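First up is the structure itself, then whatever we jot down about it.
The values are calculated or read from the model by the stated rules, or taken from the named source; none is laboratory data. Just so we're clear, the structure is a prediction, and the values are computed from it rather than from any experiment. So basically every Cβ, Gly included, is an ideal-geometry build from the backbone, and we count neighbours across all protein chains shown. Heavy atoms of the whole protein, side chains included, go into the accessibility calculation; ligands, DNA and RNA do not. Shrake-Rupley method; radii C 1.70, N 1.55, O 1.52, S 1.80 Å.
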Amino acid sequence: MKIMHSEWQGRLDHWIRTLKEDFYEPLGEIAWEAFRTMDHLSPETAKEEAYVPVSQGFTWGNAWEYCWFKGSVAMPKSAEGQRIVMNLKPGGESTLFVNGHAFGTYRASWIDEEHHYVEDNTLTVSAKEGERFDILMETYAGHDFPEASSGYLATGPVLPGAYQDSE
């Protein structure tokens, strides 16, 4: 029987430890409430608006529209001492705030480049029973850009009346 060299055993131990830390157990769902607006608001203004409960399958997203989502999660006893992450998939361009502080961003799912895409949103590295996280998320539906005569998108000036938004 061959014995593995200590360097390789060390590498395997490291991989096993790292992979164990990258597996997640769901603690539950976040109960979301939402508020739709055509205005770009600050988080302070948005959290004062009237939100309504929404469930999976909730659709929204007119051109130029924003939807603010809020929810909270309290840590159960089973989470004590554990690293807690969120796995959010908002679909649009989103900015997250947790407990009143900027937390991160998501790119829209149709954007191929994962520039500043948030993965493994760590809420805490060592949860405490009863610890609460209030989550506020601004998601933007997007809008069309007019086509330039070159065939590309015109992201610069557009003459008044030269473009009609399709939405």
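Key figures
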quantity: When residues of region 20-35 are limited to those that are open to solvent by less than 80 Å² (accessible area, probe 1.4 Å) and not in a loop (DSSP other than H, G, I, E, B), the one nearest to Gln82 (Cα to Cα); calculated: Glu33
quantity: Where Tyr106 falls short, out of the listed (1) closer than 19 Å to Ala31 by Cβ; (2) buried (at least 18 other Cβ atoms within 10 Å of the Cβ); (3) at pLDDT below 85; calculated: (1)
quantity: Unique residue being in contact with a helix residue (DSSP H, G or I) (Cβ under 7 Å, 6 or more places away or on another chain) and either in contact (Cβ under 8 Å) with a residue 60 or more places away in the chain or among the small types (Gly, Ala, Ser) (or both) when the list is Trp64, Trp68, Trp60; calculated: Trp68
quantity: Pairs with Cβ under 9 Å, 6+ apart, first in region 5-32 and over 30 Å from Glu138 (Cα atoms), second open to solvent by 80 Å² or more (accessible area, probe 1.4 Å); calculated: Gln9/Ile3; Leu12/Met4
quantity: Selected residue (criterion: nearest to Ala74 (Cα to Cα)) from residues of region 1-19 that are open to solvent by 100 Å² or more (accessible area, probe 1.4 Å) and in a helix (DSSP H, G or I); calculated: Arg17
quantity: Meets criteria (hydroxyl-bearing (Ser, Thr, Tyr), part of a loop (DSSP other than H, G, I, E, B) and either more than 18 Å from Phe133 (Cβ to Cβ) or at pLDDT 90 or above (or both)) for Ser55; calculated: yes
quantity: One residue from Ala50, Ala63, Ala46 being closer than 20 Å to Ala141 by Cβ, modelled with pLDDT of 95 or more and either surrounded by fewer than 16 Cβ atoms within 10 Å (Cβ to Cβ) or under 12 Å from the mean Cα position of the chain (by Cα) (or both); calculated: Ala50
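For (1) open to solvent by less than 90 Å² (accessible area, probe 1.4 Å); (2) at pLDDT 65 or above; (3) of a type outside the set (Asp, Glu), each residue gets a yes or a no:
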{"residue": "Ser72", "(1), (2), (3)": "yes, yes, yes"}
{"residue": "Pro76", "(1), (2), (3)": "yes, yes, yes"}
{"residue": "Ile84", "(1), (2), (3)": "yes, yes, yes"}
{"residue": "Trp110", "(1), (2), (3)": "no, no, yes"}
{"residue": "Val125", "(1), (2), (3)": "no, yes, yes"}
